[in-house]
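*Asks:* I have a structure here, written as structure tokens, and I will follow up with some questions on it.
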Amino acid sequence: MDVSKGTITKVAGPLVIASGMRQANMFDVVRVSEQHLIGEIIEMHGDRASIQVYEETSGLGPGEPVTSTGAPLSVELGPGLVGSIFDGIQRPLMEIMRQTGTNLTRGVEVPALNREKRWTFEALKKAGDVVEPGDVLGVVQETPVVAHKILVPNGVFGTVSEIHSGHYRVTDTVARVRQENGETMSLPMLQKWPVRVGRPYKRKLSPDIPLVTGQRVIDTMFPIAKGGVAAVPGPFGSGKTVVQHQLAKWAAADIIVYIGCGERGNEMTDVLNEFPQLKDPRTGASLMERTVLIANTSDMPVAAREASIYTGITIAEYFRDMGYTVALMADSTSRWAEALREMSGRLEEMPGEEGYPAYLGSRLAQFYERAGRVIVNGSNDTEGALSVIGAVSPPGGDISEPVSQATLRIVKVFWGLDANLAYRRHFPAINWLTSYSLYLDSLQDWYVKQVAGDWMTLRGRLLALLQEEAQLEEIVKLVGMDALSASDRLKLETARSIREDFLHQNAFHETDTYTSLHKQYLMMKLILLYYDRSIKALQDGAPIDGLVTLPVRERIGRVKYHSEERVDEEYAEIETRLTHEIAGLLEQQEQ
């Protein structure tokens with residue numbers, strides 16, 4: 001391999017221009033200066049290469065050497081990923097801290113995966129088996145909850161000539177495969193994959209199964225499909241990070257990849273402090289035992305934000321290829337877009353809207369389109385899914401800005417966060433009047449078969465009441481509550497119940513933090529049961545003030561705090577009580 005060596009001619013922030021790089025290729029990783037700073041070639045003009053440097057470039061000057069590694073920016077894939085904390089270019093932060101202390105020194109070279117640790121490899125194939133890319137050679141129990149499957153790498157077809165169970169380092173050979181051309185390949189547990197290239201699969205499946213999150217406003221109102229893409233835009237303080245933490249904790253995913261892309265250090269610190277202590281509701285173990293964290297905070301070099309997004313999604317695809325359901329949280333893509341804008345400005349490209357590069361939309365699309373529910377490579381038709389939830393931080397909450405608009409053109413679910421709801425302490429602060437999900441039609445059959453036949457009807461009625469409430473509120477502001485008819489007042493009261501008893505969810509309450517679909521269904525039924533019975537009672541002459549102050553309403557509001565085991569019993573009791581109290585009201589009226 002020809003190693004291309006060049007010389008720095010210009011330094012402009014994270015952009016370095018080097019000449020004499022004729023042998024290098026686009027997207028090659030290079031080492032810049034004597035300090036061996038890591039960078040990536042993003043533009044070539046003859047022998048002049050424009051290099052995006054992923055570390056601090058202060059102190060660099062013309063004349064210093066640049067050496068190409070001849071390989072694109074790649075991630076290491078293998079046992080040791082889960083539970084780790086990496087920076088944007090997959091350097092293991094905990095290992096670097098052990099070696100260099102708390103300051104991240106420039107040019108530090110530490111392998112992403114531990115080369116000394118031995119893992120227990122249990123072979124699932126035997127000598128003589130025919131294998132193809134994506135087949136599972138064996139399993140390593142990486143954490144108590146994650147069985148890490150060692151896959152046949154891309155491009156390897158042939159017959160296993162040798163494979164043994166045992167204790168191995170990630171670089172040790174665990175199997176040998178005699179390929180169709182007669183060559184024998186030694187396969188270690190460690191694989192490398194270029195981050196800008198999506199990992200291949202057999203075929204994509206229709207998004208017709210929901211990713212159950214236990215968050216009522218999401219599962220009932222604006223569901224996301226397994227393998228779907230969602231955006232969470234909202235201004236500072238509207239609860240983006242709260243929503244993403246809740247999804248990381250509760251979404252029905254086997255693996256969580258959390259990318260802190262350009263967020264403030266304290267938010268990432270919250271994740272690092274919380275996740276190891278949080279109990280995974282499905283396994284009882286620490287949530288960290290199925291999580292990969294990529295921390296690239298706002299005070300780390302800007303250019304590495306772009307790398308962190310690609311690093312995260314490549315790791316997520318790798319676990320998807322094992323047949324797992326993976327949820328990736330990117331917090332936030334706006335910071336990534338700002339990094340693109342800075343590099344575009346340094347390269348003196350023609351700016352698009354608000355200074356963002358003209359290719360902003362296509363870059364965002366390339367990232368989001370790597371999500372999906374797929375049949376993965378391999379001789380068995382195994383299903384894997386990768387769902388992507390991207391937070392967007394529009395300045396001042398104005399979603400007409402380019403990043404939000406480009407994202408909305410791509411994603412199918414929009415959870416619009418509202419600062420006013422957050423100020424009123426209504427969390428999740430997802431605005432039910434502006435949010436939407438385009439997966440509803442494809443998920444309808446699943447909800448009808450798996451939960452209840454009238455699920456979509458009830459959901460539609462709740463939303464209709466909330467929309468009518470918004471219109472009635474305008475009238476109340478103009479002429480006061482007294483001008484409303486009794487039935488309109490009842491609509492307002494029911495809508496308040498939907499907002500406060502159903503949509504509002506306490507993330508810190510041990511029962512309310514997660515709600516099963518069955519419980520969500522019963523909660524919807526109770527609110528509408530109260531509304532329907534009250535409408536009938538109004539027609540029969542019951543007073544509106546009595547209906548609004550029925551004691552049973554308190555119990556309807558407290559259903560969310562009842563455990564899953566008790567909810568059916570509570571539903572039956574409330575239904576009986578409601579009938580009894582309305583009958584009592586009508587009797588009083590007749591007297």
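*Asks:* For the structure I just gave you, tell me whether Thr434 is assigned to a loop (DSSP other than H, G, I, E, B) and loosely packed, with under 14 Cβ neighbours inside 10 Å. Outline the logic, then answer.
*Replies:* On the way: assigned to a loop (DSSP other than H, G, I, E, B): yes; loosely packed, with under 14 Cβ neighbours inside 10 Å: yes.
Considered against the rule, which asks whether it is assigned to a loop (DSSP other than H, G, I, E, B) and loosely packed, with under 14 Cβ neighbours inside 10 Å, Thr434 comes out as yes.
*Asks:* Could you tell me how many of the residues in region 336-360 are free of Cβ contacts under 8 Å to residues at least 24 places away in the same chain, surrounded by 15 or more Cβ atoms within 10 Å (Cβ to Cβ) and part of a helix (DSSP H, G or I)? Even if it seems obvious, please write down each step before you answer.
*Replies:* Pass one, region 336-360, residues free of Cβ contacts under 8 Å to residues at least 24 places away in the same chain: 341, 344-345, 348-351, 355, 357-359.
This time we only want the ones that are surrounded by 15 or more Cβ atoms within 10 Å (Cβ to Cβ), so: 341, 344-345, 357.
Now restrict to residues that are part of a helix (DSSP H, G or I): 341, 344-345.
Count: 3.
*Asks:* Just the residues that are in contact with a helix residue (DSSP H, G or I) (Cβ under 7 Å, 6 or more places away or on another chain), open to solvent by 10 Å² or more (accessible area, probe 1.4 Å) and either among the small types (Gly, Ala, Ser) or assigned to a helix (DSSP H, G or I) (or both), please, taken from region 361-377.
*Replies:* Matches in region 361-377: Gly361, Arg363.
*Asks:* Of the residues that make up region 283-300, is at least one surrounded by fewer than 22 Cβ atoms within 10 Å (Cβ to Cβ), of a type in the set (S, T, N, Q) and free of Cβ contacts under 8 Å to residues at least 24 places away in the same chain?
*Replies:* Within region 283-300, one or more residues are surrounded by fewer than 22 Cβ atoms within 10 Å (Cβ to Cβ), of a type in the set (S, T, N, Q) and free of Cβ contacts under 8 Å to residues at least 24 places away in the same chain.
*Asks:* Quick one: is Asp445 open to solvent by 10 Å² or more (accessible area, probe 1.4 Å), among the charged types (D, E, K, R), modelled with pLDDT of 95 or more and more than 22 Å from Arg499 (Cα to Cα)?
*Replies:* yes
*Asks:* In a helix (DSSP H, G or I), under 25 Å from Gly227 (Cβ atoms) and not basic (Lys, Arg): which single residue out of Asp482, Asp501, Asp441 fits that description? Steps first, answer last, please.
*Replies:* Working: Asp482 fails: under 25 Å from Gly227 (Cβ atoms); Asp501 fails: under 25 Å from Gly227 (Cβ atoms).
That would be Asp441, the only listed residue that is in a helix (DSSP H, G or I), under 25 Å from Gly227 (Cβ atoms) and not basic (Lys, Arg).
*Asks:* Would you confirm whether any residue within region 319-335 is of a type in the set (Asp, Glu), in contact with a Leu (Cβ under 8 Å, 6 or more places away or on another chain) and either open to solvent by 10 Å² or more (accessible area, probe 1.4 Å) or farther than 26 Å from Val145 by Cβ (or both)? Break it down into steps so the answer makes sense when it comes.
*Replies:* Step one: list which residues in region 319-335 are of a type in the set (Asp, Glu), which gives 321, 331.
So of that shortlist, the ones also in contact with a Leu (Cβ under 8 Å, 6 or more places away or on another chain) come out as 321.
Among the residues that remain, those that are also either open to solvent by 10 Å² or more (accessible area, probe 1.4 Å) or farther than 26 Å from Val145 by Cβ (or both) are: 321.
Checked region 319-335: at least one residue is of a type in the set (Asp, Glu), in contact with a Leu (Cβ under 8 Å, 6 or more places away or on another chain) and either open to solvent by 10 Å² or more (accessible area, probe 1.4 Å) or farther than 26 Å from Val145 by Cβ (or both).
*Asks:* Quick one: would you say Pro223 is open to solvent by less than 40 Å² (accessible area, probe 1.4 Å), at pLDDT 95 or above, out of contact with any Lys or Arg (no Cβ under 9 Å at 6 or more places or on another chain) and part of a loop (DSSP other than H, G, I, E, B)? Explain how you work it out, then say what you get.
*Replies:* Working: open to solvent by less than 40 Å² (accessible area, probe 1.4 Å): yes; at pLDDT 95 or above: yes; out of contact with any Lys or Arg (no Cβ under 9 Å at 6 or more places or on another chain): yes; part of a loop (DSSP other than H, G, I, E, B): yes.
Yes.
*Asks:* Then there is this: Do the conditions hold for Ala464, that is, is it among the aliphatic types (A, V, I, L, M), over 20 Å from Gln215 (Cβ atoms), open to solvent by 20 Å² or more (accessible area, probe 1.4 Å) and without any contact (Cβ under 8 Å) to a residue 12 or more places away in the chain? Spell out the reasoning first.
*Replies:* Working: among the aliphatic types (A, V, I, L, M): yes; over 20 Å from Gln215 (Cβ atoms): yes; open to solvent by 20 Å² or more (accessible area, probe 1.4 Å): yes; without any contact (Cβ under 8 Å) to a residue 12 or more places away in the chain: yes.
Here the answer is yes, as Ala464 does meet what is asked.
*Asks:* Read through the list (1) at pLDDT below 95; (2) under 21 Å from Ala327 (Cα atoms), then give the number of the only condition that Val376 fails.
*Replies:* Every listed condition holds for Val376 apart from (1).
*Asks:* Return the pairs, sorted by first residue and then second, in which the second residue is part of a helix (DSSP H, G or I), the first residue lies in region 82-111 and is closer than 14 Å to Met268 by Cβ, the beta carbons are less than 6 Å apart, and the residues are 6+ apart or on different chains.
*Replies:* Final answer for the pair search is Ile85/Leu93; Ile85/Met94; Asp87/Leu93; Gly88/Ala304; Gly88/Ala307; Gly88/Ser308.
*Asks:* Let me ask something else. Kindly indicate whether Gly396 is over 19 Å from the mean Cα position of the chain (by Cα), more than 25 Å from Asp219 (Cβ to Cβ), not β-branched (Val, Ile, Thr) and not in a loop (DSSP other than H, G, I, E, B). Reasoning before the result, please.
*Replies:* Working: over 19 Å from the mean Cα position of the chain (by Cα): yes; more than 25 Å from Asp219 (Cβ to Cβ): yes; not β-branched (Val, Ile, Thr): yes; not in a loop (DSSP other than H, G, I, E, B): yes.
Yes.
*Asks:* Under the condition of being in a loop (DSSP other than H, G, I, E, B) and among the charged types (D, E, K, R), which residue from region 48-99 is surrounded by the most Cβ atoms within 10 Å (Cβ to Cβ)?
*Replies:* Taking region 48-99 first, the residues in a loop (DSSP other than H, G, I, E, B) are 54-64, 73, 78-84, 87-91.
Filter again for among the charged types (D, E, K, R), leaving 55-56, 64, 87, 91.
Values: Glu55: 25, Glu56: 15, Glu64: 17, Asp87: 23, Arg91: 20.
Result: Glu55.
*Asks:* Now, a different point. Looking at this structure, is Leu293 closer than 25 Å to Gly323 by Cα, part of a helix (DSSP H, G or I) and out of contact with any Lys or Arg (no Cβ under 6 Å at 6 or more places or on another chain)? Before the answer, list the steps.
*Replies:* On the way: closer than 25 Å to Gly323 by Cα: yes; part of a helix (DSSP H, G or I): no; out of contact with any Lys or Arg (no Cβ under 6 Å at 6 or more places or on another chain): yes.
No, not satisfied.
*Asks:* Another one. All but one of (1) of a type outside the set (Phe, Trp, Tyr); (2) under 19 Å from Lys192 (Cβ atoms); (3) modelled with pLDDT of 95 or more hold for Asn154; which doesn't?
*Replies:* Going through the list (1) of a type outside the set (Phe, Trp, Tyr); (2) under 19 Å from Lys192 (Cβ atoms); (3) modelled with pLDDT of 95 or more, Asn154 breaks only (3).
*Asks:* Give the number of residues within region 542-578 that are in a helix (DSSP H, G or I), open to solvent by 30 Å² or more (accessible area, probe 1.4 Å), over 20 Å from Glu590 (Cβ atoms) and of a type in the set (Asp, Glu).
*Replies:* Number satisfying all stated conditions: 5.
*Asks:* How many residues does region 16-46 hold that are in contact with a Gly (Cβ under 9 Å, 6 or more places away or on another chain), farther than 20 Å from Val197 by Cα and either among the basic types (Lys, Arg) or open to solvent by less than 50 Å² (accessible area, probe 1.4 Å) (or both)?
*Replies:* Start the filter on region 16-46 by keeping residues that are in contact with a Gly (Cβ under 9 Å, 6 or more places away or on another chain), which leaves 16, 18-25, 28-38.
With farther than 20 Å from Val197 by Cα added as a condition, the list becomes 16, 18-23, 31-37.
Now drop any that are not either among the basic types (Lys, Arg) or open to solvent by less than 50 Å² (accessible area, probe 1.4 Å) (or both), which leaves 16, 18-22, 31-33, 37.
Matching residues across region 16-46 total 10.
*Asks:* For region 1-15, give me each residue that is open to solvent by 50 Å² or more (accessible area, probe 1.4 Å), of a type outside the set (Val, Ile, Thr) and farther than 10 Å from Thr69 by Cα.
*Replies:* Lys10
*Asks:* Out of Thr57, Thr67, Thr102, I need the residue that is among the polar types (S, T, N, Q) and more than 28 Å from Ile259 (Cβ to Cβ). Which one? Reasoning before the result, please.
*Replies:* Details: Thr57 fails: more than 28 Å from Ile259 (Cβ to Cβ); Thr102 fails: more than 28 Å from Ile259 (Cβ to Cβ).
Just one listed residue meets the conditions, Thr67.
*Asks:* Continuing with this model, one more query. Out of (1) farther than 24 Å from Gly214 by Cβ; (2) open to solvent by 40 Å² or more (accessible area, probe 1.4 Å), the odd one out for Tyr531 is which?
*Replies:* All conditions pass for Tyr531, except number (2).
*Asks:* Could you go through region 559-568 and let me know if any residue there is touching a Leu at 6+ places or on another chain (Cβ under 6 Å), of a type in the set (D, E, K, R) and at negative phi.
*Replies:* Within region 559-568 (the criterion being touching a Leu at 6+ places or on another chain (Cβ under 6 Å), of a type in the set (D, E, K, R) and at negative phi), the answer is no, since none of the residues qualifies.
*Asks:* Go through (1) within 17 Å of Asp331 (Cα to Cα); (2) surrounded by 21 or more Cβ atoms within 10 Å (Cβ to Cβ); (3) modelled with pLDDT under 90 for Ile259 and report which single condition fails.
*Replies:* (3)
The values are calculated or read from the model by the stated rules, or taken from the named source; none is laboratory data. Just so we're clear, the structure is a prediction, and the values are computed from it rather than from any experiment. Every residue, glycine among them, receives a Cβ derived from its backbone with ideal geometry; neighbour counts consider all protein chains shown. Remember, those area values only see protein heavy atoms, side chains included, never the ligands or the DNA or RNA. Shrake-Rupley method; radii C 1.70, N 1.55, O 1.52, S 1.80 Å.
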